[in-house]
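The values are calculated or read from the model by the stated rules, or taken from the named source; none is laboratory data. In this text, all values refer to a predicted model and were calculated from it rather than measured experimentally. Virtual Cβ from ideal backbone geometry, glycine too; neighbours counted across all protein chains shown. Side chains included, ligands, DNA and RNA excluded: accessible areas come from the protein's heavy atoms. Shrake-Rupley method; radii C 1.70, N 1.55, O 1.52, S 1.80 Å.
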Amino acid sequence: QNAVCWALRCSACSNADLPVTPVAWQVEAKSGEVVRQTFQFTNNGFCELSAGRVSIEIPFGLIVEGIEMSKGLGWRRESDDGQITLNLGRMVSGSEGAIQVDLSLRGLTPGEYVVEICSESNNTDLVCTEQPFTVTGTALIPPKIFIARGDEGKLLLVIKGQEGMRYRVESSLDFDQWDFLGSAAGAETTIPLPTNQDGVPITLFYRATIAL
């Protein structure tokens, strides 16, 4: 009898999956507008899942401003190729183990896009869904940033943007926690970089985002 029960349990585990369920997905927004897209992952099988993970493909022309997860082990950007990875970790079955994700998305270039969201675990096969998203309005060009030396030899962060646009400039030591460094506006802004006594920048990473 135990062997039969174990066989049934194994069958139930092998038939489990980790579907992507959109909860609140806005299909259209104006360029520059930040929208919160909400979706959920639920282990609908009989057994606990291990190493649950999600990949989100963000098309060029859209940027991710932030992600919030109700549970899980965090998220990361995969270099600059537009892919986001979520680490769901272990998930018990049913609604008790469900994980809700809020994706803050901003469109920069008008057009019709498809955001692909895929989930899998050590117990389940890959499951994907494609979510449409349309951006209207005028194209917003992301600012370019680089480091240069000023007239007195001090290091400066140069932000080149668009006339009439404002930007938020941030710095980070680990590419995870970002701190406000300064504001930029228009075609070009320079911000002095904090350095140590040897003239080496205190922080390693810098970014500039559109501030509307």
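Summary of computed values
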read-out: ³J(HN,Hα) computed for each position of region 98-108 - Karplus, 6.51 cos²θ - 1.76 cosθ + 1.60, integer Hz, glycine/proline x; value: 5, 10, 9, 10, 10, 9, 8, 10, 10, x, 9
read-out: Taking the convex hull of Cα positions in region 62-113, its mean projected area over all directions (nm²); value: 4.6 nm²
read-out: Carbon/sulfur fraction of accessible area - region 61-197, other protein chains in place, 1.4 Å, %; value: 46 percent
read-out: Mean-position separation - Cα centroids, region 167-211 and region 46-121, in angstrom; value: 27 Å
read-out: Binned Cα-Cα distance frequencies in region 23-101 - 5 Å width, integer %; value: 3, 13, 23, 22, 18, 12, 6, 3, 0
read-out: Spin-label pair Asp179/Glu57, simplified geometry with 7 Å Cα→Cβ offset, distance in nm; value: 3.8 nm
read-out: Compactness of region 123-199 - radius of gyration and Dmax, Cα, Å; value: 18.5, 60
read-out: Whole-number accessible area per residue in Å² for the chain, which is evaluated in the context of all protein chains at 1.4 Å; value: 56 Å²
read-out: Amide proton proximity set for Ala211, modelled H, under 5 Å, gap of 5+; value: Arg166, Tyr167, Arg168
read-out: Which label in [x] 19.7; [y] 21.5; [z] 17.1 gives the computed Kirkwood radius over Cα pairs in Å; value: [x]
read-out: Pair Arg166, Thr85: separation of 7 Å Cα→Cβ label points (nm); value: 3.7 nm
read-out: Region 118-161 - Rg (one decimal) and Dmax (whole number), Cα, Å; value: 21.8, 60
read-out: Sequence ranges 22-29, 140-147, ranked by mean other-Cβ count within 10 angstrom, highest first; value: 140-147, 22-29
